[in-house]
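These notes concern the structure reproduced below.
The values are calculated or read from the model by the stated rules, or taken from the named source; none is laboratory data. From a predicted model like this one, the values you see are computed outputs, not experimental measurements. All Cβ positions, glycine included, derive from the backbone under ideal geometry; neighbour counts span all protein chains shown.
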Amino acid sequence: MIRPLRSLLAVGLLAVSGITAVALAGPAQADTQICEQYGATTIGGRYVVMNNRWGTSAQQCINVTSSGFSITSQQGTGSTSGAPVSYPAVYFGCHYTRCSPGTNLPIQVGSISSATSSVGFQYVSGATYDAAYDIWLDPSPRTDGVNAQEIMIWFNRQGSIQPIGSVVGNATIGGRTWQVWQGSNGSNAVVSYVAPSAINSWSFSLLDFINDTKTRTSVNNSWYLTSVQAGFEPWIGGAGLAVTSFSAAVNGGGGPSSPSPSTPSGSAACRVTYATNVWNTGYTATVTVANTGGSAINGWALNFTLPSGQSITGSWNAALSGTSGAITARNADHNNAIPAGGSTSFGFQGNYSGTFAAPSSFSLNGTACTRA
């Protein structure tokens, strides 16, 4: 979350800096330190980590790892009755003109069939902060500026701080009980879900929180999910706080407003390009399917088998069945047709053990494809 919304000055700063901060660093390979006010870099070929020191001129530095980041220095001080000094975070989607690699966001809420995320936090004592997971929604598919609705999930809070607005009740979501706050910070509406005690790590459905928010606000299926983010809002201190892991996957094809994927029709001549980014025990794969035949393909299903030891944790631009072994990737609504001579791409993220290898073969609508 960018919390400029408590201050018009901060809004102005972000409107300007959000454009200039997008190219301060390249993809993080080994650990990378960022001290620039709005410095950012990518991890895993799929997510963006940002320093986002929006509320103070004092130095803040983060150490970016292959799976998240840690705050190494935070010198700013904020009033506990006002706004925090920053929101260092890792995100998936689009944020102030910068979109994470390969993202399928923004996506209309009514078109989401599943939206899952997993996050791990490391906490420290003696500081004043919250550990916040943000979900951003807007009536339009915007990729810049402030969205109309913010959902905050407070995994932990330390010190005399509280969410925007006031308590409106409790909710049971994902098998947990949350205290619900609701209000506005002047630029967007905010619904906050506060855990009664610290949560160190959790895998959950984003739709559970979105659906509850729909009952409390003007959000509906025609709105768009634009980004999801996990990080910290420090007021005082914060060195040692860390996001130790983060993943998110949003799949389309759901809801009455979204038609079902086309049924694959007939065999097809095809060529597959399989590009990967591999690190430690994780990887991402971008699969490009080219139609080398003389007629358009209307609806497609690509079959392949993952080598032993590999599993899929998330995907984009295709609906995948199976997480290991035999996999079928079916078209999304927006890429069901591949014209003759054209191509389409989808991707996924996964884990592996042992030696990494690519699938040995692919078939499209039952016909073997050549490898690029």
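When you check Gly309 against the structure, is it at positive phi, loosely packed, with under 15 Cβ neighbours inside 10 Å, under 26 Å from the mean Cα position of the chain (by Cα) and in contact (Cβ under 8 Å) with a residue 40 or more places away in the chain, yes or no?
Here the answer is yes, as Gly309 does meet what is asked.
Go over the candidates Ala275, Ala290 one by one and state the one that is touching a Lys or Arg at 6+ places or on another chain (Cβ under 8 Å) and either in a strand (DSSP E or B) or modelled with pLDDT of 90 or more (or both).
The conditions single out Ala290.
If Val85 meets every condition in (1) in contact with a Pro (Cβ under 8 Å, 6 or more places away or on another chain); (2) under 24 Å from Thr226 (Cα atoms); (3) at pLDDT 95 or above; (4) surrounded by fewer than 23 Cβ atoms within 10 Å (Cβ to Cβ) apart from one, which number is that one?
(4)
Sort through Asn336, Asn365 and tell me the only one that's farther than 17 Å from Ser247 by Cα, modelled with pLDDT under 85 and either over 27 Å from the mean Cα position of the chain (by Cα) or assigned by TED's automatic domain parsing to the domain that holds Thr103 (or both).
After applying the criteria, what remains is Asn365.
Mind listing whichever residues of the range 45-73 are within 17 Å of Ser227 (Cα to Cα) and touching a residue at least 40 places away in the same chain (Cβ under 8 Å)?
Within the range 45-73, Gly45, Arg46, Tyr47, Val48, Val49, Met50, Asn52, Gly68 meet the criteria.
Here is a yes/no grid of residues against (1) crowded, with 21+ Cβ neighbours inside 10 Å; (2) farther than 20 Å from Thr41 by Cα; (3) not β-branched (Val, Ile, Thr):
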{"position": "Ala89", "(1), (2), (3)": "yes, no, yes"}
{"position": "Ile107", "(1), (2), (3)": "yes, yes, no"}
{"position": "Ser113", "(1), (2), (3)": "no, yes, yes"}
{"position": "Gly120", "(1), (2), (3)": "no, no, yes"}
{"position": "Val124", "(1), (2), (3)": "no, yes, no"}
{"position": "Tyr133", "(1), (2), (3)": "yes, no, yes"}
{"position": "Pro139", "(1), (2), (3)": "no, yes, yes"}
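Ser321 fails exactly one of the following numbered conditions: (1) free of Cβ contacts under 8 Å to residues at least 12 places away in the same chain; (2) in contact with a Phe, Trp or Tyr (Cβ under 7 Å, 6 or more places away or on another chain). What is the number of that condition?
All conditions pass for Ser321, except number (2).
Just a yes or no: is a residue in the range 146-156 assigned to a strand (DSSP E or B), free of Cβ contacts under 8 Å to residues at least 40 places away in the same chain and crowded, with 16+ Cβ neighbours inside 10 Å?
Looking for residues that are assigned to a strand (DSSP E or B), free of Cβ contacts under 8 Å to residues at least 40 places away in the same chain and crowded, with 16+ Cβ neighbours inside 10 Å, one finds none in the range 146-156, hence no.
Name the strands (runs of 3 or more DSSP E) wholly within the range 161-247 that hold at least 2 residues that are in the same structural domain as Gln74 (by TED's automatic domain parsing) and under 16 Å from Ala148 (Cα atoms)?
Where strands (runs of 3 or more DSSP E) fall fully within the range 161-247 and carry at least 2 residues being in the same structural domain as Gln74 (by TED's automatic domain parsing) and under 16 Å from Ala148 (Cα atoms), they are 176-184, 189-194, 224-236.
Taking the range 157-190, which residues are under 24 Å from Ser118 (Cα atoms) and touching a residue at least 40 places away in the same chain (Cβ under 8 Å)?
Within the range 157-190, Ala171, Val190 qualify.
Does Tyr91 fit the bill of being more than 19 Å from Ser245 (Cα to Cα), under 15 Å from the mean Cα position of the chain (by Cα) and among the aromatic types (Phe, Trp, Tyr)?
When the stated conditions are applied, Tyr91 does not pass them.
I'd like to verify a number: residues in the range 314-372 that are part of a strand (DSSP E or B) and among the small types (Gly, Ala, Ser), how many?
Within the range 314-372, residues that are part of a strand (DSSP E or B) and among the small types (Gly, Ala, Ser) number 14.
Hey, any hits in the range 152-159 for a residue that's more than 22 Å from Gly68 (Cα to Cα) and out of contact with any Cys (no Cβ under 9 Å at 6 or more places or on another chain)?
Yes, the range 152-159 contains at least one residue that is more than 22 Å from Gly68 (Cα to Cα) and out of contact with any Cys (no Cβ under 9 Å at 6 or more places or on another chain).
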